[in-house]
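Notes to accompany the following structure.
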């Protein structure tokens, strides 16, 4: 293996082969992120909600969080980016956050035997690549969290506290990482006074941006909700979303690796108990897993435990094992053995081969733009209401739509609460309205007034069934196919 050399002829430790592999990794990341970030803000409606809050802040000077308890620092930063750069600028900011997280992870693994493989594993994790091109706070917040850990290891406690505070300002649940940092300092036999100073500084700075929100809303939105909704539904939703962190194939592969290496894992755990970084890794994994168990709506809630899971794996997994794991996890970007069958709102367990999450996101974002542009082609009824379940991803800055109030649809809706009332739009030039969701009482009222009611085949049916307790098909609501070849807009 050829080595790069300094002027004095000493080895730098970086081989030409390693440089080529690093270049390939950079190209791979670029190919899987840049084409998607150029399309729109992303498929998660919260991405557009965050941008709307940021633009409102820029235009009025008043901050109204996109959702409670808020992501204040992220949306403050977006306020300086979104008004002039749109989705390209905001997505690039998130991509820079992802690259920063890679740098922090590289520093954390710099003394590991298989450090390049670990970096490649982290860099090619599909759920990270998926969010690296979406205007969401997960990856910039993760980067700050990881740098907080880097600085605590380097005993730069002030910097560690500041970076943790910034991470908390991006996402409130990141404050849980204070406990792993405390574990590390206890293992390092740091003074209690120093531990208290770091804790107080991190919390004081990190929570300061939430004070105006608390002043307006109180503490209730900050109490993390436990979403159960029935034991079977909870198990299905939580289990499916947990599997979707790495995909079915990779999850099974991880389970097999753990079973095969169980004896070695036990031995390594016994030896690692004296390692100062051992407990922070384990505690971080447990804490963010508990957060997910309380609120298992999205696999992205598990993102903060990914780097610490990989650090834990590096203690017992061989080079061949890491290559095997990398192959399985990276494949989830392109292919997935999906376990979700049935239709929106009527899911059942089924096994089918499907596109991986990055490939699927690319397709969905293209379809979303076709749908946004094709709304003006709707001609199935002269007087209609379409229940979309999509919110601002569909309506924000859409030239085919005009903002409308629910009373414009019917004065009778004044006394009925509907989903996201600020997101009621009318197709320009038509008596056709788009709403996020509606209770059955609103549906019956509008049907009695001669409206044809439609529901998109994706997103909206599950909201009607799970949140409002009615099946759209059983109450005379017609289904509009979207994101396939049978759509009205193609």
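Computed values, structure above
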| quantity | calculated |
| --- | --- |
| Stretch gain in nm, segment residue 254-residue 191, where the contour uses 0.36 nm per residue and the Cα spacing is subtracted | 18.8 nm |
| Segment 225-381: radius of gyration over Cα atoms, expressed as a fraction of 2.2 N^0.38 Å | 1.29 |
| Rel. contact order, % - alpha carbon contacts under 8 angstrom, at least six apart, the chain | 13 percent |
| Protection proxy ranking of 310-316, 362-368 - average other beta-carbon atoms within 10 Å, highest first | 310-316, 362-368 |
| 0 to 90° range, to nearest 10: angle between helix 45-60 axis and the chain longest Cα axis | 80 degrees |
| Mean separation of Cα contacts under 8 Å, 6 or more apart, over the residue count of segment 340-490: relative contact order % | 28 percent |
| Computed Rg/Rh of segment 29-178, alpha carbon atoms with Kirkwood Rh | 0.99 |
| Relative contact order %, segment 148-204, counting alpha carbon pairs below 8 Å whose residues are six or more apart | 38 percent |
| All-pairs alpha carbon distance profile, segment 107-155, 5 Å steps from 0, percent | 5, 18, 21, 25, 20, 9, 3 |
| Inverse mean reciprocal Cα-Cα distance (Kirkwood Rh) of segment 418-468, Å | 11.8 Å |
| Largest-first principal axis extents of the Cα set of segment 136-244 (Å) | 47, 36, 26 |
| Segment residue 295-residue 235, length gained on full extension (0.36 nm per residue, minus Cα span) | 20.4 nm |
| Rough spin-label spacing in nm, given labels placed 7 Å along Cα→Cβ, for residue 15 and residue 422 | 5.6 nm |
| Ratio of the Cα radius of gyration of the chain to 2.2 N^0.38 Å, where N counts its residues | 1.06 |
| Relative frequency of Cα-Cα separations exceeding 18 Å in segment 86-169, percent | 45 percent |
| Fewest-first sequence of 136, 43, 438 by Cβ atoms within 10 Å of each Cβ | 43, 136, 438 |
| Backbone N within segment 80-119 under 12 Å of label point (7 Å from residue 59 Cα along the Cβ vector) | 83 |
| Distance between segment 10-76 and segment 406-461 - C-alpha centres, whole angstrom | 34 Å |
| For segment 168-193 versus segment 281-314, the gap between their alpha-carbon centres in whole angstrom | 16 Å |
| Separation of the residue 379 and residue 324 label points, Cα + 7 Å toward Cβ, nm | 5.9 nm |
| Calculated FRET value between residue 25 and residue 354, using beta carbons and R₀ = 22 Å, to 0.05 | 0.25 |
| Kirkwood-Stokes translational diffusion coefficient of segment 360-480, alpha-carbon pairs, 10 °C, 1.306 mPa s, µm²/s | 110 µm²/s |
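Values quoted throughout were computed directly from the atomic coordinates according to the rules given, and no laboratory measurement underlies them. Source: prediction; values computed, not measured. Cβ coordinates were reconstructed from backbone atoms using ideal geometry, including for glycine residues, and neighbour counts include every protein chain displayed.
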